[in-house]
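Scroll down for the structure; my scribbles are underneath it.
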Amino acid sequence: MIDCDVHCAPDSLETLLAHMDPYWHSYVEDATIALGDPGSYPPHLRGTVPSSAAELTALLDRDGTDLAILSCIALDGVHRHPDYATAVARGLNDWMREELLDHEPRLRASAVVSTTDIEAAAAEIDRVAADPRFVQVLLPVRSDVPYGNRLYHPLYAAAERHGLRIALHAWGRPGNAPTTTGIAATYLEDYVSNAHIAQNQLLSLVAEGVFHRFPRLGVAVVECGFTWLPPLLWRFDKDWKGVWREVPWIKRRPSELVREHVRLTTTPGHLPPSPRQVAEVVEMVGPQLLLHASDHPHEHGPALAPLLSSVGPEVASAISAGNAAAFYRMAG
C-alpha cells in the first residue's frame, strides 16, 4: 500500500522557526505573524494534522501502509512577501527532513516551494533534490496565473532535471477567488470548486505546451477528485480538432497527453452508488491514472474499499500501490 497524500504540519510557528534563519525570528515576533492554516478546513472537519514522526508511524502501522507521501500545505496561508514565503518553504522542507523523514523510513515528502518567486522555487528544488526521499514538488491548485504559463518554466525545468513530479494539491493562498466570477459565499461552493480549478489547470498545462517543452514531467492532481476527467477529455479532444492551428505544439490528441503525464488521487472519490457504475467510471478514467490517497486526517467517508472491491485484483493492486511505485519510481 502506497498512500500518496498524508498531511503534516509543524505544531506551532515556534517549532518551524527552529529550522529558519535567525533573521526571520524577529520579523515574525515583531509582526505577530502566525503559521498558515495547515488544513484549509473548518475545525470540525479538519481533524488533527500529524506533527511528529511518532504520530505518522502509528498511522502507517494502523493502515498497513508501506510508503506514504507527505503533503505539507502550511505555506498556503502565508502572506505574499516573496522572501518570507521562500524562507518558510525552506524551513518546512528542513523540518520534514529532520523531524519526520529521518525518524520514519516509510515516509517520502513533497518539496514545499513558494510561487511568489519562481527562481527561488527552482533553487529550492535544486537544494532538496539531493535527498531522494523528496519525490515531488507541491503546488496549490489555486494559482495567480494558470500553471501552463511560461512564468513557471524554471520551476518545471528544475523538477524535470531531478526527476521530481509536480503535485497540484487542493486549496491555495487565501484571497484567491475559487471561481472565475469571484469569491464564493459558502464553504460548500469553495470546496467543490477545487475540481473545477484542477480542470482548468490541466487545460492550461496541455494547451500552453508544458508537456511538449518538458516531456519527462509528470503531474499528480491531489484531493480534487477524478470522476470529472472523461467528459473533460472528450470535449478537449473535440475542440482541439477545430482549433489545432492555435497550438501547433500539440501533435497528438490532448487526452493522450493527459493520460501519459497526469495522475489523480482517489480521495475524495465522488463515486457512483453501484459497484457496476464504479467499475465503469474507473474504466473510463483509466485505472492506470489512479493513485491511492487517504488524505489523512481529513474525512471523506469510505471510498477506497468500494473502489477496490468494484475492480479486479490486478487493477486493485495497481491503484493501491503499483501505479504510484511506477509514477514516482519508488523502491520499497
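Since every read-out is calculated from the coordinates, none of them should be taken as a lab result. Computed from a predicted structure; not experimentally measured. Glycine gets a Cβ as well: all are built from the backbone with ideal geometry, and neighbour counts include every protein chain shown.
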Using a 10 angstrom cutoff on alpha carbons, build the Gaussian network for the chain and name the most mobile of Y23, Y152, Y84. Y23
In units of 2.2 N^0.38 Å, what is the alpha-carbon radius of gyration of region 112-215? 1.11
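Express the Stokes-Einstein translational diffusion coefficient of region 185-254 in µm² s⁻¹, to the nearest whole number, given a Kirkwood radius over alpha-carbon pairs, 25 °C and a viscosity of 0.890 mPa s.
Numbers: Rh = 13.4 Å.
It diffuses with D of about 182 µm²/s by this estimate.
Taking R0 as 51 Å, what FRET efficiency do you get between E14 and S309 from their Cβ-Cβ distance, rounded to the nearest 0.05? Walk me through the numbers on the way to the answer.
Details: r = 45 Å, r/R0 = 0.89.
Rounded to the nearest 0.05, the efficiency is 0.65.
Which trypsin sites (Lys or Arg not before Pro) in region 170-260 pass both tests, a DSSP loop state and at most 12 other beta-carbon atoms within 10 Å? If you can, show how the numbers build up before the last one.
Numbers: sites: R213, R216, R235, K238, K241, R245, K251, R252, R259; in loops: R216, K251, R252.
Here the trypsin sites (Lys or Arg not before Pro) that fit, given the DSSP loop and packing criteria, are R216, K251, R252.
List every DSSP H helix in the chain whose Cα atoms extend 18 Å or more along the helix's own long axis and whose mean Kyte-Doolittle hydropathy is at least 0.0. The partial results should precede the final answer.
Numbers: long enough: 82-95 (19 Å, -0.46); 187-207 (30 Å, 0.24); 229-243 (21 Å, -0.42).
Those that clear 18 Å and a mean of 0.0 are 187-207.
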Projected onto the charge dipole of region 2-327 (+1 at Lys/Arg Cβ, -1 at Asp/Glu Cβ, origin at the Cα centre), which of F236, A121, F226 gives the Cα projection farthest towards the positive end? F236
Counting Lys and Arg as +1 and Asp and Glu as -1, each charge on the Cβ, what is the dipole of region 2-327 about the Cα centre in debye, to the nearest 20? 1540 debye
Counting DSSP beta bridges with both ends in region 126-229, the antiparallel % (nearest 5): 10 percent
Say R0 is 22 Å: what FRET efficiency, to the nearest 0.05, do R235 and N176 get from their beta-carbon distance? 0.30
Given springs between every Cα pair under 10 Å in a Gaussian network model of the chain, which of T115, T86, T186 has the largest fluctuation? T186
Cα pair distances exceeding 38 angstrom across region 2-327, given as percent: 11 percent
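How much of the DSSP bridge set in region 2-327 is antiparallel, in percent, rounded to the nearest 5?
Values: 1 of 28 bridges.
Expressed as a percentage, antiparallel bridges in region 2-327 total about 5.
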